[in-house]
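Before any comments, here is the structure.
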Amino acid sequence: MRKLFLSIAFVLIAQMSMAQEANFKADVLKLISISGADTQIKVIKPQILNMIPEDKKENFSKEFDASIPSLHDKMAKIYMEIYSPEDIKGMLAFYESPVGKKMNEKAGELGQKSLQAGQEWGQELQGIMAKYKDVVPAQNTYSVTKPK
């Protein structure tokens with residue numbers, strides 16, 4: 001009887017733990033969505049589509065979109081390793097506030113402008129790097145052979 005009671009208690013505890021884990025993951029997935037953490041995907045998709053031949057864009061786009069839930073699951077796992085359920089609930093409260101909602105609304109615009117700023121900075125950086133690179137003298141193109 002005691003073993004039966006312990007077995008039932010163990011199963012109930014495991015189920016409660018799994019339910020808490022599922023709730024935690026659901027909160028994390030909600031946070032990823034409302035925080036704009038997945039905005040870069042939306043910003044990058046049109047750029048990637050430009051690299052795909054026109055006749056294949058529709059199928060690529062479908063596969064791209066179908067791959068996003070897998071990415072969200074991977075991101076959720078990372079969040080769940082780093083943050084506690086209480087942390088996530090606090091972040092959700094922020095992102096559900098007026099200023100959090102504004103951040104989410106502006107995330108796409110911010111992402112685009114940040115990407116452009118990064119590209120401009122990269123061009124400036126290339127100029128700076130060019131000043132500090134060693135100039136390699138041209139190599140001689142002739143060869144010397146030993147006399148026999």
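The values are calculated or read from the model by the stated rules, or taken from the named source; none is laboratory data. Since we're looking at a predicted model, the values are computed, not measured. Ideal geometry is used to build each Cβ from the backbone, glycine not excepted, and the neighbour counts take in all protein chains shown. The protein model used for the area step is the full one, side chains on, heavy atoms only, and it has no ligands, DNA or RNA in it. Shrake-Rupley method; radii C 1.70, N 1.55, O 1.52, S 1.80 Å.
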>> Considering only residues that are open to solvent by less than 100 Å² (accessible area, probe 1.4 Å) and modelled with pLDDT under 85, which ones fall in segment 128-142?
In response: PRO137, ALA138
>> Which of the helices (runs of 4 or more DSSP H) found entirely inside segment 35-127 contain at least 1 residues meeting this: farther than 30 Å from ALA22 by Cβ and open to solvent by 100 Å² or more (accessible area, probe 1.4 Å)?
In response: 57-82
>> Can you tell me which residue is modelled with the lowest pLDDT among those in segment 94-112 that are more than 11 Å from SER35 (Cβ to Cβ) and within 20 Å of the chain's Cα centre (by Cα)?
In response: GLY108
